[in-house]
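Notes follow once the structure below has been shown.
The values are calculated or read from the model by the stated rules, or taken from the named source; none is laboratory data. Computed from a predicted structure; not experimentally measured. Here the Cβ positions follow ideal geometry from the backbone for every residue, glycine too, while neighbour counts run over all protein chains shown.
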Amino acid sequence: MLSKFNFISLRFVCSTALLCAVGLGCERPIAERHYTEIFVDAEKKAMRRSNDFSRMPQDDIHAKIMSPDASDSQAMPQDDIHSKLMPQDEIHAGLKAQNMPGADMMGGMQDPALQQQINASADQTPLTWETPQEWIEKKGSGLRLATFSGTDPKAMVEVTIISLGGSAGGMIANVTRWMQQIQIDVPAKSDLENFISRQEKFSTTSDLPAQLIDFTQLQGNAGPDVPSMIAAIVERGDTQIFVKMTGSKQAVLQNRDRLKALAKSIKVKE
Amino acid sequence: MNFRQKLRQNKFIKFFSSVKLAVSCLVLLFILTFWGTVAQVHEGLYIAQERYFHSFFFLALGFLPFPGGQAVMWVLFVNLSCVALVRLNYKWRNIGLIIIHFGLLLFLLSGYVMLRCAQEGYLSLSEGQISNLSTAYHNWEISIWEADPQSSGQKYTRAVTAVDADHFKNEQTIQFQQLGFLLKVKEYHRNCDAYAGEGGKQGILNASGIQRLQPADLDRAPEKNTPGGIFNIQTADGQSFDILLFGRESSPVSFKVGDKEYQAILRLARHQLPFELKLIDFMKEEHPGTDTPRSFKSQVAVETNQAWREKLISMNNPLRYKDYTLYQSSYTIDQMGNESSTLAVVKNVGRFMPYVSTFVTFAGLVIHFLMMALTAKKKPESPYVDNE
């Protein structure tokens, strides 16, 4: 019985080894392939860039959008309906300010060249940080490296970390857009520069320069429940790390120190 | 002595036409099927398939060499072929068994054709976009093309030269015949992390400022692995420089060879389709009062021979063109409300072969059993020329 088993095993091992040798001997060197890559972006976006809004509903909501004078975002109704038209985050910072082709009121975000630039500007350098005890960290998605939310139901805030290469639109453009996002009237450029220069500057634990932009300072007379924001910008050479906290005025004020602590703790993972 | 009798004397043929060898293979296939199926729970579908079914050998329990599915099936194929060549008794009374033998051979052959020739990938398009490439799920390639200063990101046609990166080995060289330079793999990791900090090598070209790569353990889920490598480019005029490519980069690295500027990127492998596809409209219906989609479908236009035809792709209604089948797979809706549809693209030149094999084997079984029933009173005769 045992000899039979050995005989069968021997046959199998020998035959398999033979075939393997043939198979391995036939391994081909890596060869180049050739193909033609064709890509054409959406016509719909081209339509928007040429200000052809003929397919837009003919109602009051869209009246200003269709206006030929609608040349800047101020013409966009500042209501809930339009709040989601353009992502209000660092990724899109300063796109209008850069006056890129196609960066008009609605179509700019959909321009693939811009999208490519946005994607390219996303910095993938691994970062580390210390999450404040009162916050819950969630996994980042897309270009967000991380998202945090507060645990205090009376002071709910959302905090995001995004790292972008280059100037990411520039400080003035970012601050302007953030003001618009929380419905603060944008002052004249000189006043805006004055406001930015007054904002607190600090260094992170790894000696990176950072600045805290506290928009609650411009909402002195507003109630505690108005939407507000405090953002920290950490500069790391050619890269800017944005730590942005949004929530009610009262909530962001309560979490101001935690945001600063989070921004201070940001380090490049070595 | 006829030709078959002469072959039967050959030790090699005699060895491979053994019934015992066939039984050994079938037992091993049974073990592998069971083992591989159970292993999928812990190792994941992709790794289990590669390890138990696509491999020639693998180490069981980490040290014991065990034949993989491909080796066993090759041995079984040779065994069945040898039996068909020298031992099958080609007489009408054996017609059922003869058909079964060839049905099984066809099964193994179709398995090989599907393993080697089937291509699976996906194609994601936003409404209005046109593309002619499918993207592989797990395989990577280095794509190189000549930079075109006139080209915009909105519309381009590129002649791409690519090499598959999955089997790169350190110190391996790849000759790009048409581009006129040599690419040498200095360092390649199937999964790694990229760092911009100190400690990297100086003078390496990279699109995102990455300076060094840190190898990481391979994840069970292949989609979680990001390859990266440092490659040396050597041109005909003696120029030599290093480029660093990382799988998560979205921008290509640019470099000059002679007076031409090239761009290179490490990305999931692309496969050209024999047509251009345009997503006209993506439609999604939800269950009333919920965000749960009830159905989603894509209205597409296919361009072949400079003519466009429209087709609706939905869950059980794929688009078929030549050897390609495009299924509705998934969708995304971004913050702007832009809808994108993802279509699974399967190219399978032998997609009918398993059906044909099943039919042939089934037909052989039916014929064999019928003949057995009809000739039940007669003394059975061996279907083989000789017995072991």
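State all residues of region A:190-216 that are touching a Ser or Thr at 6+ places or on another chain (Cβ under 8 Å) and more than 16 Å from residue A:177 (Cα to Cα); if no residue qualifies, say none. A:204, A:205, A:209, A:210, listed by residue number. Kindly provide the set of residues from region B:1-31 that are farther than 22 Å from residue B:101 by Cβ and under 25 Å from the mean Cα position of the chain (by Cα), ordered by number. Residue satisfying the conditions is B:31 alone. For region B:136-169, taking the residues that are of a type in the set (A, V, I, L, M) and free of Cβ contacts under 8 Å to residues at least 24 places away in the same chain, the one that is surrounded by the most Cβ atoms within 10 Å (Cβ to Cβ) is identified as B:163. Answer yes or no: is there a residue in region B:192-201 that is away from chain A (no Cβ under 12 Å) and either of a type in the set (Phe, Trp, Tyr) or over 22 Å from residue B:160 (Cα atoms) (or both). Yes: region B:192-201 contains one or more residues that are away from chain A (no Cβ under 12 Å) and either of a type in the set (Phe, Trp, Tyr) or over 22 Å from residue B:160 (Cα atoms) (or both). Here is a check on your reading of the model: is residue B:36 of a type in the set (Gly, Ala, Ser) and at positive phi? It is false that residue B:36 is of a type in the set (Gly, Ala, Ser) and at positive phi. Restricted to region B:156-184, and to residues that are β-branched (Val, Ile, Thr) and within 16 Å of residue B:243 (Cβ to Cβ), which residue is farthest from the other protein chains (Cβ to nearest Cβ)? Only one residue fits best here, namely B:173.
When the residues of region B:231-282 are filtered to those that are small (Gly, Ala, Ser) and in a strand (DSSP E or B), which remaining residue is nearest to residue B:348 (Cα to Cα)? Only one residue tops the list, namely B:269. Taken together, B:85, B:109, B:123 contain a single residue that is out of contact with any Lys or Arg (no Cβ under 7 Å at 6 or more places or on another chain), within 14 Å of another protein chain (Cβ to nearest Cβ) and outside any loop (DSSP other than H, G, I, E, B), which is B:123.
Has region B:313-330 got any residue that is of a type in the set (Asp, Glu) and more than 21 Å from the chain's Cα centre (by Cα)? Within region B:313-330 (the criterion being of a type in the set (Asp, Glu) and more than 21 Å from the chain's Cα centre (by Cα)), the answer is no, since none of the residues qualifies. Quick check: is even one residue across region B:338-359 among the aliphatic types (A, V, I, L, M) and in a helix (DSSP H, G or I)? Yes, region B:338-359 contains at least one residue that is among the aliphatic types (A, V, I, L, M) and in a helix (DSSP H, G or I).
Here is a yes/no grid of residues against (1) among the small types (Gly, Ala, Ser); (2) modelled with pLDDT under 85; (3) farther than 29 Å from residue A:237 by Cα; (4) surrounded by 17 or more Cβ atoms within 10 Å (Cβ to Cβ):
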{"site": "B:185", "(1), (2), (3), (4)": "no, no, yes, yes"}
{"site": "B:194", "(1), (2), (3), (4)": "yes, yes, no, yes"}
{"site": "B:198", "(1), (2), (3), (4)": "no, yes, no, no"}
{"site": "B:210", "(1), (2), (3), (4)": "no, yes, no, yes"}
{"site": "B:241", "(1), (2), (3), (4)": "no, no, no, no"}
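With respect to being within 12 Å of chain A (Cβ to nearest Cβ) and surrounded by fewer than 16 Cβ atoms within 10 Å (Cβ to Cβ), residue B:75 falls outside the description. Answer yes or no as to whether residue B:233 is crowded, with 21+ Cβ neighbours inside 10 Å and either over 25 Å from residue A:164 (Cα atoms) or not assigned by the TED database to the domain that holds residue B:148 (or both). So residue B:233 fits the description; yes.
Matching residues to (1) under 21 Å from residue B:340 (Cα atoms); (2) out of contact with any helix residue (DSSP H, G or I) (no Cβ under 9 Å at 6 or more places or on another chain); (3) among the β-branched types (Val, Ile, Thr):
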{"site": "B:227", "(1), (2), (3)": "no, yes, no"}
{"site": "B:239", "(1), (2), (3)": "no, yes, no"}
{"site": "B:243", "(1), (2), (3)": "no, yes, yes"}
{"site": "B:257", "(1), (2), (3)": "no, yes, yes"}
{"site": "B:262", "(1), (2), (3)": "no, yes, no"}
{"site": "B:298", "(1), (2), (3)": "yes, yes, no"}
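Figure legend. Inter-residue proximity from region B:1-27: first residues within 10 Å of chain A (Cβ to nearest Cβ), second residues of a type in the set (D, E, K, R) and assigned to a helix (DSSP H, G or I), beta-carbon distance below 6 Å, spacing 6+ or different chains. Indicated pairs: B:21/A:11.
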